[in-house]
Amino acid sequence: MNPTFPSCRLRRLRRHPVLRDLVRETSLSADDFILPLFVRHGKDIKKEISSMPGNYQLSVDRLVDEVGAARDLGIKAFILFGIPESKDATGSSALADEGVVQQALRTLRPRFPDVLLITDECFCEYTDHGHCGLLKEEGGRLDVDNDATLDMLVEQCISHARAGADMVAPSGMMDGMVTAIRRGLDEAGFTWLPIMSYSAKYASAFYGPFRDAAESPPQFGDRSTYQMDPANGDEALRETALDIAEGADIVMVKPALAYLDIIRRVKEKFGLPIAAYNVSGEFAMVKAAAQKGWLDERRVVLEILTSIKRAGADMILTYFARDAAKWLKT
Ligand code: PBG
């Protein structure tokens with residue numbers, strides 16, 4: 001501090017807009033975004049998700065239009081979620097060659113050779129009980145069977161890789177999932193295919209709208225036996241360290257906004273590329289307030305996305321990708 005002119009010291013660099021641009025520490029662009037998309041069986045279906053305005057369940061033909069439109073806005077990375085025709089206890093349709101995500105990949109792959117197609121690897125959309133894997137009774141409680149689910153996850157990843165996925169993103173929070181998937185992919189010849197692991201995924205109420213979108217709410221209990229307790233921070237570092245040791249190429253923190261401290265800690269500790277998931281509930285609450293005229297949507301969204309990057313994220317999975325890409329251009 002200059003003791004003689006204390007009042008002007010920090011404001012000097014804020015006076016000129018060009019100078020503000022020059023000293024800005026964090027920048028945001030469409031290159032940072034991954035757009036989540038929901039694909040379902042059928043033809044000519046574009047069904048808006050009521051709690052996520054501007055986001056849709058799409059049949060494969062309409063998905064092609066959606067990817068094309070987003071691509072035109074500069075969005076080049078997508079993560080696909082599937083809503084199957086039928087669900088069962090094991091989520092078997094997740095592995096089917098004609099599964100909805102597999103069909104989507106085979107259609108998109110040749111049409112958009114330059115976009116990155118990521119697949120979410122989990123079973124909650126495919127099981128009739130809505131949990132993220134196979135169930136088993138353990139000590140008198142019905143719970144997700146970790147190791148049996150790993151075998152299924154490996155099969156799901158290989159099936160997606162064969163259909164054209166560029167990267168797999170296991171989101172089920174099973175212990176050992178990255179080791180199992182890496183080994184499985186390598187044995188199947190996909191040594192080059194990266195894994196983006198949902199490493200620190202919290203048991204969050206912010207996933208509410210997604211569960212409408214993917215039709216995947218748990219039919220009993222909740223996900224607290226496999227997703228993390230929102231009260232824990234050190235544990236996120238243990239989860240992330242294990243995933244990195246197991247071979248994760250990109251680690252994720254999810255949700256983003258209520259967990260900016262976790263993003264920062266992971267960034268400082270590991271320095272690996274970090275993805276942050278700006279989840280459905282974070283999207284919905286901004287949209288709802290904006291629709292009521294209570295918030296300036298454009299400013300709030302860009303501020304939120306910038307804060308997630310400032311916290312340390314290298315990339316952001318966000319339903320705002322389209323709007324933000326548009327706003328960043330103008
Ligand atoms: C699947 C999965 C979920 C989300 C992404 N992958 C739901 C959940 O864990 O219940 C949530 C994404 C969002 O809320 O936007 N396991």
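Residues that are surrounded by 16 or more Cβ atoms within 10 Å (Cβ to Cβ) and more than 18 Å from the chain's Cα centre (by Cα) within the stretch 189-217 comprise just one, Phe190. Every condition in (1) touching a helix residue (DSSP H, G or I) at 6+ places or on another chain (Cβ under 8 Å); (2) among the β-branched types (Val, Ile, Thr); (3) surrounded by fewer than 19 Cβ atoms within 10 Å (Cβ to Cβ) holds for Val18 except the one numbered (1). Going through the stretch 308-320 one residue at a time, which ones are assigned to a helix (DSSP H, G or I), within 17 Å of Met252 (Cβ to Cβ) and away from the ligand (no atom under 15 Å from the Cβ)? Within the stretch 308-320, Lys309, Ala311 qualify.
Among the residues in the stretch 85-105, are any among the basic types (Lys, Arg) and over 21 Å from Asp166 (Cβ atoms)? Scanning the stretch 85-105 turns up at least one residue that is among the basic types (Lys, Arg) and over 21 Å from Asp166 (Cβ atoms). Tell me yes or no: at least one residue of the stretch 137-150 is within 16 Å of the ligand (Cβ to nearest atom), assigned to a helix (DSSP H, G or I) and either surrounded by fewer than 15 Cβ atoms within 10 Å (Cβ to Cβ) or under 18 Å from the mean Cα position of the chain (by Cα) (or both). The answer is no; no qualifying residue exists. Take Val154 and decide whether it is more than 12 Å from the ligand (Cβ to nearest atom), free of Cβ contacts under 8 Å to residues at least 40 places away in the same chain, closer than 18 Å to Asp243 by Cβ and β-branched (Val, Ile, Thr). The answer is yes for Val154. Return yes or no: is Ala275 in a loop (DSSP other than H, G, I, E, B), under 19 Å from the mean Cα position of the chain (by Cα) and under 30 Å from Thr191 (Cβ atoms)? So Ala275 does not fit the description; no.
It is to be established whether one or more residues within the stretch 245-265 are in a loop (DSSP other than H, G, I, E, B), surrounded by 15 or more Cβ atoms within 10 Å (Cβ to Cβ) and in contact with a Gly (Cβ under 8 Å, 6 or more places away or on another chain). Yes. Would it be correct to say that Glu268 is farther than 25 Å from Lys136 by Cβ, within 12 Å of the ligand (Cβ to nearest atom) and touching a residue at least 24 places away in the same chain (Cβ under 8 Å)? Criteria not met by Glu268. Taking the criterion of being modelled with pLDDT under 95, on the phi < 0 side of the Ramachandran plot and in contact with a Pro (Cβ under 7 Å, 6 or more places away or on another chain), would at least one residue in the stretch 206-219 satisfy it? Yes, the stretch 206-219 contains a residue that is modelled with pLDDT under 95, on the phi < 0 side of the Ramachandran plot and in contact with a Pro (Cβ under 7 Å, 6 or more places away or on another chain).
Here's the yes/no breakdown for (1) without any contact (Cβ under 8 Å) to a residue 12 or more places away in the chain; (2) over 20 Å from Leu135 (Cα atoms); (3) more than 9 Å from the ligand (Cβ to nearest atom):
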{"position": "Gly172", "(1), (2), (3)": "no, no, no"}
{"position": "Asp175", "(1), (2), (3)": "no, no, yes"}
{"position": "Glu187", "(1), (2), (3)": "yes, yes, yes"}
{"position": "Pro194", "(1), (2), (3)": "no, yes, yes"}
{"position": "Gly233", "(1), (2), (3)": "no, yes, yes"}
{"position": "Ala245", "(1), (2), (3)": "yes, yes, yes"}
{"position": "Val251", "(1), (2), (3)": "no, yes, yes"}
{"position": "Leu260", "(1), (2), (3)": "no, yes, yes"}
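Taking the stretch 116-133 as the range and being closer than 13 Å to Glu215 by Cβ, within 12 Å of the ligand (Cβ to nearest atom) and touching a residue at least 60 places away in the same chain (Cβ under 8 Å) as the test, the residues that pass are Cys124, Glu125, Gly130. The number of residues in the stretch 214-228 being without any contact (Cβ under 8 Å) to a residue 60 or more places away in the chain and near the ligand (Cβ under 8 Å from one of its atoms) comes to 1.
The values are calculated or read from the model by the stated rules, or taken from the named source; none is laboratory data. Because the structure is predicted, anything quoted here is derived from the model rather than measured. Ideal geometry is used to build each Cβ from the backbone, glycine not excepted, and the neighbour counts take in all protein chains shown.
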